[in-house]
Amino acid sequence: MLTNLEHLGLAVHDLAAATALYTRLLGQAPYKTEHVASEAVDTVFFQVGGSKIELLAGTSPDSAISKFLEKKPEGIHHVAFEVDDIVAEMVRLKAEGFILLNEQPKRGADNKLVCFVHPKSAGGVLVELCQSVL
Ligand code: CO
């Protein structure tokens, strides 16, 4: 079951500049920065009530964020929903005809197991499912 809008992922070119911008916009500093080697991204997280803003910058031309920014302007990259059982949700969404970008949950940023849903099956929006793990 989807339990919360966990975060919005925003693709940015310049992580330092974007971090400064969102610090001013949200009136608070980020609570975490994290490099995710498997995705070739640097991330910065802000808490906003029960949800978060995740800034993402590619660290290599091969990263999905770098490729996204070759085609599109900076802005919303994905919408992430918290789930209580990611495997069950992956099975459910697959049965509903959604295209999953990974067959197994994978380790994402901020202590999460994640799975992405292809935008072409989700109304043009890249959807992330995430389940907290310790
Ligand atoms: Co995310």
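What share of the DSSP beta bridges in the chain is antiparallel, in percent to the nearest 5? For the chain, the DSSP antiparallel bridge percentage is about 80. Of A20, A40, A11, the residue with the greatest mean-square motion in the GNM of the chain, using alpha carbon springs below 10 Å, is A20. Computed from Cα atoms alone, the Kirkwood hydrodynamic radius reported for the chain is 15.1 Å.
If region 57-134 were replaced by its equivalent ellipsoid, with semi-axes equal to the square roots of 5 times the Cα gyration tensor eigenvalues, what would those be, largest first, whole Å?
So the three semi-axes of region 57-134 are 22, 16, 10 Å.
Residue-normalised convex hull volume from the C-alpha trace of region 11-55: 73 Å³ per residue.
Applying a 10 Å radius around every beta-carbon, put 77-85, 60-68 in order of their mean neighbour count, most first.
77-85, 60-68
Relative protection proxy for 46-55, 93-102, from highest mean packing down: 46-55, 93-102 (other beta-carbon atoms within 10 angstrom).
Where a number appears in this text, it was derived from the coordinates with a stated rule and is not lab data. Bear in mind the structure is a predicted one, so any value in this text is a computation, not a measurement. A quick note on method: Cβ atoms are made from the backbone with ideal geometry, for glycine too, and the neighbour counts reach across all protein chains shown.
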